Structure formats: structure tokens, C-alpha cells
Amino acid sequence: MVDKTEKQSMTNTRKRLLKAFAIACLLLLLLLVAAIGAVFGVFATESGRTWVLRTAESVIEDRFELSVRFGAVSGRFPLDFTLDRVTVADAEGEWFTAEGLAVAWSPRALLNRRIHVYHATAEHVLLNRMPERAEKEPAPLTLPELPESLPAIVVERFAV
């Protein structure tokens, strides 16, 4: 038989475990918020923006054998920003140029499994020629395992 003292001890132990679990969950949530804040803080710096754009250029070049160059970025990157110039070139030279690219989107919509773009505009777009076909087919793009349904994409305004 369990006496009253043992019962109270077990109840106190459960309460302490529940309290410790709640504190651990709260600390994990705070750590996640701090990490997200740090990422956006890095994006707010010139060196952070440059790193993101150069990394994107490198990934595109490695994957598609195209030379992509992003110009200066202004605004609240990556939420609401403008790229002054984007060029795409292949072995024959530049074949695509866009100037004044402006994008505003809501990363919060990702929590609802949606991509919400407020606007995507370009002041000038120039297609000099069609790109050369790559001699070899690029390796298949491997994506992480996707959920059964992809997020909905909402674009409020798109203009060229």
C-alpha cells in the first residue's frame, strides 16, 4: 500500500518534471527565435547580403553552367528588397539582363505552407538572344523529401 507521504512525493516529482519540461520547451523556443533573429540580422548587414548573393551565384553556376551576377541590393533584405541589376551569361556571353528588380514577400506565410509574394517587378528586362544549350545535360536536381502537398503560392502583383 502507498502511504500519503509517498503519494505526495510522487506528485511533487511529477510537478517538478512537468515544470522542467515546460522550461526546456520555452528555452528551445527562445533559442529558435534568437536563431531566426540572428539570420535576419546577418541579412541586414552588407557583408551578409553579399555572402547570400555570392552563394546563390555560385550554386547557379555550378548547377546550370551559367554565370549569374547580382548587382547591389537595397531595402529590407530578404523581405522587401531591390536588386539594381541581374545578368545571366553562358560561354557565348551575356544573354539576359534585368534592372530594377523589386520583390516583397512574406516569410511568415511559410508557416501556413504558402508562398505569398506581395509584388515582383522589373523596370527593364533585356533578352539579347536565346541561351546556348549545354553540351551535357545537367545532373538531375535532387530535392529534399517534399510533403504530400506543396505550399500555395499567392502573387498579389507581378509586373515587367
Treat each spin label as a single point 7 Å out from the Cα along the C-beta direction, and report the Arg129 to Ile115 distance in nm. 3.1
Relative to the present Cα-Cα distance, how much length would full extension add between Val59 and Arg157 at 0.36 nm per residue of separation? 32.5 nm
Given H placed on each backbone N at 1.01 Å, which residues far from Asn128 in sequence or on other chains put an amide H within less than 5 Å of it? Phe96, Thr97
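A short reminder: the numbers here are calculations on the coordinates, not readings from a lab. This is a predicted model, so every value here is computed, not measured. Positions of Cβ are generated from backbone atoms using ideal geometry, with glycine treated the same way; all protein chains shown enter the neighbour counts.
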